[in-house]
Amino acid sequence: MGSAGCGVRRVDAPPTPQESVAPRLAAFVQAATIAAGSRRDADPRAAINGSPHDIPLPTHKHKSRILTQALRATVRAAQHLLSPGQALAIVVLGLAGVAAFGITPDTTLDTLAVRSITRALPLPALANTDDGADRYWREERVQRGDTIGSLLARASVDDPAAMEFLRTDPSARALYQLRPGRPLYVATDEEGHLAGLRFLAGNGELLTIARAGDRYVASRASPPDDTRVTLRAGTIDSSLFAAADDAGLPDAITLALADMFGGDIDFYHDLRRGDRFAVLYETRYVDGEPAGTGRILAAEFVNNGTMLRAFLWHTPDGGTGYYNDDGRSSRKAFLRSPMEFSRITSGFTMARLHPVLHDMRAHKGTDFAAPIGTPVRATADGVVDFAGQQNGYGNVVIVKHDGRYSTVYAHLSRFAEGLSNGDRVHQGDTIAYVGQTGWATGPHLHYELRVDGEARDPMTVALPVATPVTDNERAAFAAAIAPLADELAVVRNLPERLVAAE
């Protein structure tokens, strides 16, 4: 059992380096043999670098046991044929992950069903790149002293043909009515030629100039409707107009605000320092720039501690009007003043020294001082009863109103164009202009309010009101004004004196 010539080694003896790599070497040789496609009866000597040693692989019925024996024999042969360095290299290759894979004979893989689908997809339409939609538009602001030439030069326009068109074509005349601060939009091509121009004219129309081939075409159109709601508020220090200017309120909205509350507030005499207002109104925009104002949607005015509010309401019959929270019309049947802003020089009195006749007489009207040509408006709806000259009244208009009332407007310079007897007029319509005709020592308007033919003081007499919201409309009215009231409430408790929001 211990003869060296027999090549027998004790089991408990420490393994030699060749024996320590034997298992891995056997696995490597087996994988290499299978990958090479060797037959079971092939000569294994070919796998060992053409060694002359003969290592037969016997064939028996019990193939698994015989295969194991053959592999053991192969390993024993390799121990003698390989040097320790070669054996170590094979081990390293085995540890590095060299492997071969095979498929067990007589096995099949499931074949996946493949189906070809062909579908015709429509091609997208090609975009028209000549419509100028992708052009870069440059904005230039009109500066004081600017001309259309200097504006286009700042916009890098170098196009004599375009300048000739703008100078000679009548449709481009609006470009020469430049107001500082107004924007001009210009598009050019790669060579600096004018490709397009947009400008908002003074009448609110959008002037567009476009190049069509080798010529230019100008067109005018109403700009697209872009109406936003603006909220502004202010506090009175000296006058309504001064506070409105501080708050950035447009003049048109200021005048409309005074007209809304003109039946309750005399804006010349009744204003107090600390009175405040808030206005929610429409602003029209063109190309992102303010281009005009629309209607007042809601307004609030606190005068001497008394709050007045008015909301725009569209009545079911198609009319519009301003009503307070209770549905009562904020518009009186009569305005207190026949002019938007003026100064009273002589009030209603039963005894006054007449400036022309120099005797004591009753002055049964109110005199409003104003420059000649100041518009005079009807204080209520009615019909023109007389438009002409009457003695000391000079040029005079008398309007009869529904029921018992009539009004007189005297010392006029001229009448409104087309005004004649029998014409129907509405509250706020311009019917004439301030003058100095008749027995007048200076330009002013003499205004009378008569009830049943008798003159009354228009500043103190109780004036009738317009028709309120009906009971059937009350629920719809409350729902319509609720969001407007919420907007006005935003500024009521703010510490800031001025508010502007959009």
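The values are calculated or read from the model by the stated rules, or taken from the named source; none is laboratory data. In this text, all values refer to a predicted model and were calculated from it rather than measured experimentally. All Cβ positions, glycine included, derive from the backbone under ideal geometry; neighbour counts span all protein chains shown. Heads up: the accessible areas ignore ligands, DNA and RNA and are worked out on the full protein's heavy atoms, side chains in. Shrake-Rupley method; radii C 1.70, N 1.55, O 1.52, S 1.80 Å.
Data overview
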| quantity | calculated |
| --- | --- |
| Ranked packing of 321-331, 258-268, most packed first, by mean Cβ within 10 Å | 258-268, 321-331 |
| Pairwise FRET efficiency - Glu487 versus Asp326, Cβ, R0 = 25 Å, nearest 0.05 | 0.85 |
| Distance (nanometres) between label positions extended 7 Å along Cα→Cβ at Met163 and Ala201 | 2.5 |
| Per-pair calculated FRET efficiency, R0 = 51 Å: Arg215 and Asp246 via Cβ, rounded to 0.05 | 0.55 |
| Vicinal HN-Hα couplings computed from phi for the range 407-413 (Karplus, 6.51 cos²θ - 1.76 cosθ + 1.60; Hz; Gly/Pro x) | 10, 10, 10, 10, 6, 6, 7 |
| Added length on full extension, which subtracts the Cα-Cα distance from 0.36 nm per residue, Ser238 to Asp385 | 49.0 nm |
| Added length on full extension, which subtracts the Cα-Cα distance from 0.36 nm per residue, Val451 to Arg119 | 110.7 nm |
| Exposure of Asp429 as accessible area (Å², to 10), given a probe of 1.4 Å and all protein chains | 60 |
| Highest average packing first - 467-478, 447-458, Cβ atoms within 10 Å | 447-458, 467-478 |
